[in-house]
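Every number here is computed from the coordinates shown, using simple stated rules; none is lab data. Bear in mind that the values here come from a model prediction, so they are computed numbers and not experimental data. Cβ placement follows ideal geometry from the backbone for every residue including glycine, while neighbour counts extend to all protein chains displayed.
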Amino acid sequence: MARLWQHPYVNVFKAFDVTSKATCQQQGNVTEEMDRTIGKRVIKIQGPVSATNFLQLPHPSSHVKSLGLTGAFVYLQVMPLAASHFVIHLDFIVADQTTLRLSLSNMFREPKMLSRVVQYPAPLQSCWSVVCVHVPS
């Protein structure tokens with residue numbers, strides 16, 4: 001039954017209120033705006049240091065510790081700012097209940113595994129792109 005509300009996909013911005021300080025943590029230069037190119041509400045994150053400009057779901061002090069998503073794919077629609085570095089962290093709880101972090105960035109040159117972190121290069125252009133990550137169960 002838990003999977004039904006996620007079929008065929010979940011728009012995380014609609015399912016989890018990203019404008020609420022109770023459900024997500026926003027730090028630095030994070031704004032919401034309507035993008036005319038794709039006709040969707042977007043969250044724009046910019047600033048010289050990515051560690052101080054971010055959006056985190058769920059909020060670390062929330063009683064909800066996981067988004068509870070169960071799908072086999074994660075789709076991200078992103079548009080990196082020209083001549084800027086970006087990092088996207090996705091944390092997964094795997095079968096043995098440990099956390100695995102997948103970090104996608106245009107700063108990485110080759111894939112690398114460090115303990116429970118996978119760093120993967122994402123050399124995206126400064127235009128809207130869809131990144132698909134397969135998360136086998």
**OP:** Would you mind putting 36-47, 15-26 in packing order, based on average other-beta-carbon counts within 10 Å, highest first?
**Re:** 15-26, 36-47
**OP:** Can you spot the lysines whose alpha carbon is less than 17 Å from residue 14's alpha carbon? Ignore those fewer than 8 places along the same chain.
**Re:** 40, 44
**OP:** Return the calculated 222 nm mean residue ellipticity for the chain, to the nearest 500 deg cm²/dmol, obtained by summing -39500 (n - 2.57) across DSSP H runs with n ≥ 4 and dividing by the residue count.
**Re:** -500 deg cm²/dmol
**OP:** Name the residues whose placed amide hydrogens come within less than 5 Å of the amide hydrogen of residue 59, ignoring near sequence neighbours (fewer than 5 apart) on the same chain.
**Re:** 24, 25
